[in-house]
Amino acid sequence: MLPDDLAGRPPAHAMKEAAEATAAAVDHAAQGIAHSWRGLADTVNSGVTTATSEEAAAAFLLDTPAPNLRQALEDNGAEGVEYWAPGTEDWGKPAAQRFDTVEMEDAAIEADSETGVRYLDDEGDRQPFRLDAGDDGLLYDAKGEPFDTTGAEVFDRWGRLRPRRALFVMDADGSLYSSLFGGKRHKFQHSSFLAGGPVAGAGEIEAVNGELRLLNDISGHYMPGRHYTMQVVSRLRELGVRVDSDQLRITAPE
């Protein structure tokens, strides 16, 4: 409000109008921030949760930096505003899962029952298998040590040893779990982590001193389509883990 606007009017009226003008300006700024947030949410959703098997979608996720919502909003003029950042438990989607999931194959359910596969029934049982990422972009196990699969032993469905690879799954909220031992010769399978429940991704992982070396989608229990593996890629990149195309071995046709 210009000084001339105050001429000839009682101070109380002028102060009231000044307060109303200030409130309107703040409301306008808040609407602008909310608009930026909605636009960013649509962008993240289109790139993360609706990724399909098309090569273009895969290339987008591999060649585009992981979404950092805090930084993106600051770049859009929302400096100083606190928003969700990776590592917190609030994903901004109350009472809704974050990632799409796939159910276990019927034949695998029967096989698990016959062979007595071990199931981890609650979070307490799963915690020792939890994977996390550090600020350095490396993977760490539940003990806080760099995740390393050098001594891992995984067997495929024909009983053949696949050394230096570990089983992994990701749940609907983006939590990652891995075991250094599993497969046909062990009573620990992909289905073990979530007690036979659906997963948002499953396969094998290879890492040395916390550095990701390989990620594939091999899981006879879940047979995940490419979309689910790309969800895992997106989640890892979001946590700061580098995932390049030469580290991926995707076998699903779609």
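None of the figures in this text is laboratory data; all of them are computed from the coordinates on show. Every value quoted in this text rests on a predicted model; they were computed, and no experiment measured them. Note that we place each Cβ from the backbone using ideal geometry, even for glycine, and neighbour counts take in every protein chain shown.
Between PHE155 and MET223, 0.36 nm times their residue separation minus their Cα-Cα distance comes to what?
So the chain would gain 22.9 nm between PHE155 and MET223.
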| request: Post the alpha-carbon centroid distance, segment 231-252 to segment 96-136, in whole angstrom. | output: 19
| Local charge sum around GLU211 (other residues, Cβ-Cβ under 15 Å, Lys/Arg +1, Asp/Glu -1)? | -4
| said: Given a Förster distance of 30 Å, report the FRET efficiency between GLU103 and LYS143 from their Cβ-Cβ distance, rounded to the nearest 0.05. | reply: 0.45
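Provide the net charge surrounding ARG164, with neighbours chosen by a C-beta distance below 12 Å and charges set as Lys +1, Arg +1, Asp -1, Glu -1.
Numbers: positive: ARG162, ARG165, ARG213; negative: ASP148, GLU153, GLU204, GLU206.
Residues close to ARG164 contribute a combined charge of -1.
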| task | With +1 on each Lys and Arg Cβ and -1 on each Asp and Glu Cβ, and nothing else charged, work out how big the dipole of segment 121-208 is about its Cα centre, in Debye to the nearest 20. | result | 720
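Could you compute the net charge surrounding ALA195? Neighbours are other residues with a C-beta less than 12 Å from the C-beta of ALA195; K and R count +1, D and E count -1. Before the final figure, lay out the partial values.
On the way: positive: ARG118, ARG126; negative: ASP112, ASP121, ASP122, GLU123, ASP125, ASP171.
Net charge in that neighbourhood comes out at -4.
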| Points 7 angstrom from Cα along the Cβ direction at GLN127 and ASP173: gap in nanometres? | 1.3
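Out of all DSSP beta bridges with both ends in segment 142-252, state the antiparallel percent to the nearest 5.
Numbers: 16 of 21 bridges.
So the antiparallel bridges in segment 142-252 amount to around 75 percent.
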